[in-house]
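Novice: I have a structure I would like to understand better, so I am pasting it below and will then ask my questions one at a time.
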Amino acid sequence: MFLTKSLIGGILNIVSNIDPSQFRPSDPPPPRRPLNFTEAHENDEEKQFRKVFQQLAGDDMEVSPNELMNILNKVISRHANLKTDGFSIESCRSMVAVMDSDSTGKLGFHEFKYLWNNIKKWQSIYLSHDSDRSGTICRRELPRAFQAAGFPLNDQLFNLIIRRYSDENGDMDFDNFIGCLVRLDAMCRAFKTLDSDNSGTIDLDIKEWLQLTMYS
């Protein structure tokens, strides 16, 4: 119990001196609407994306973690300038969980489109901050990359992320960079939603804490 309290206390101390107003998470995905309404209000680009989504998602029109893993790994296999071990099923389960706004365990069209657009945006940031063209972002390059993505990190939180998502040299490959940003973006969005008075603090009971942390 003492070890648990010390661990949680240490993590809270790391993040306690962060100003959440400095973080710029992406806007939340739009709520799911009836299909006939959605299709009637889509522009040509969205209609084209929906056709692609239908091919990827199959008959149920939703993307499971396993399907997401296959899609992402197929896409990144075409990019030799992105060093990666491939997206794991656990990583994709986590991405689906933090993007799954209606708790179906899968990504619907708008959830998938939202994730896909973020991945494209973060891929551009990843490539632009890989200054030595190694295919990874080294420890020295990472702070600027996170800041460009909207997340200026203090030293303590940066080191925490390095320990969780980087290799023993502090380098971060593409799948870990994306996995980290998906989670960081989702948790910051959740915090800003709960921080209704913009005080920079939120109050959670044990049930709310577990709901927020366990399915993510």
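The values are calculated or read from the model by the stated rules, or taken from the named source; none is laboratory data. Small disclaimer: the values here were computed from a predicted structure and weren't measured. Note that we place each Cβ from the backbone using ideal geometry, even for glycine, and neighbour counts take in every protein chain shown. We work out accessible area using only protein heavy atoms, side chains counted, and drop any ligands, DNA or RNA first. Shrake-Rupley method; radii C 1.70, N 1.55, O 1.52, S 1.80 Å.
Novice: Could you give me the ³J(HN,Hα) list for region 160-174, computed from phi with Karplus coefficients 6.51, -1.76, 1.60 and θ = phi - 60°, whole Hz, x at Gly and Pro?
Specialist: Per residue, the Karplus-derived 3J(HN,Hα) values read 5, 5, 4, 5, 8, 10, 9, 7, 5, 8, x, 7, 10, 8, 5 Hz.
Novice: I need the phi-derived Karplus couplings for region 81-89: 6.51 cos²θ - 1.76 cosθ + 1.60, θ = phi - 60°, integer Hz, Gly and Pro marked x.
Specialist: Couplings: 8, 10, 7, 7, 8, x, 6, 7, 5 Hz.
Novice: Pop out the ³J(HN,Hα) list for region 182-195 in order, Karplus 6.51 cos²θ - 1.76 cosθ + 1.60 with θ = phi - 60°, rounded to Hz; leave Gly and Pro as x.
Specialist: With the stated coefficients, region 182-195 comes to 4, 5, 4, 4, 5, 5, 5, 4, 4, 4, 5, 5, 6, 7 Hz.
Novice: Ok, one more. With the full set of protein chains in place, find how many percent of the accessible area of region 104-216 is carbon and sulfur; take the probe as 1.4 Å.
Specialist: The C+S portion of the solvent-accessible surface of region 104-216 is 50 percent.
Novice: Test of understanding: what is the full-extension gain from Ser77 to Gln55, defined as 0.36 nm times their sequence separation minus their Cα-Cα distance?
Specialist: 6.0 nm
Novice: Also: So if the hydrodynamic radius of region 126-216 is defined as the Kirkwood radius over C-alpha pairs, what does Stokes-Einstein give as its diffusion coefficient at 10 °C and 1.306 mPa s, in µm² per second? Spell out each step's value before the answer.
Specialist: Numbers: Rh = 14.5 Å.
Rounded to a whole number, D works out at 109 µm²/s.
Novice: Could you report region 117-163's accessible area per residue, 1.4 Å probe, as an integer in Å²?
Specialist: For region 117-163, the solvent-accessible area averages 49 Å² per residue.
Novice: Pairs Lys74/Lys207; Lys47/Lys192; Lys74/Lys192; Lys51/Lys83; Lys113/Lys207; Lys51/Lys106: which exceed 27 Å Cα-Cα?
Specialist: The answer is Lys74/Lys207; Lys47/Lys192; Lys74/Lys192; Lys51/Lys83; Lys113/Lys207.
Novice: Mind ranking Ser91, Ser77 by accessible surface for me, highest first, 1.4 Å probe?
Specialist: Ser77, Ser91
Novice: DSSP loop (so not H, G, I, E, B), at most 16 other Cβ within 10 Å: list which trypsin sites (Lys or Arg not before Pro) in region 98-178 pass both filters.
Specialist: Here the trypsin sites (Lys or Arg not before Pro) that fit, given the DSSP loop and packing criteria, are Arg133, Arg139, Arg140.
Novice: Around Gly170, which amide H atoms from residues at least 5 apart in sequence, or from another chain, sit under 5 Å from its own amide H, with H modelled in the peptide plane?
Specialist: Amide H neighbours of Gly170: none.
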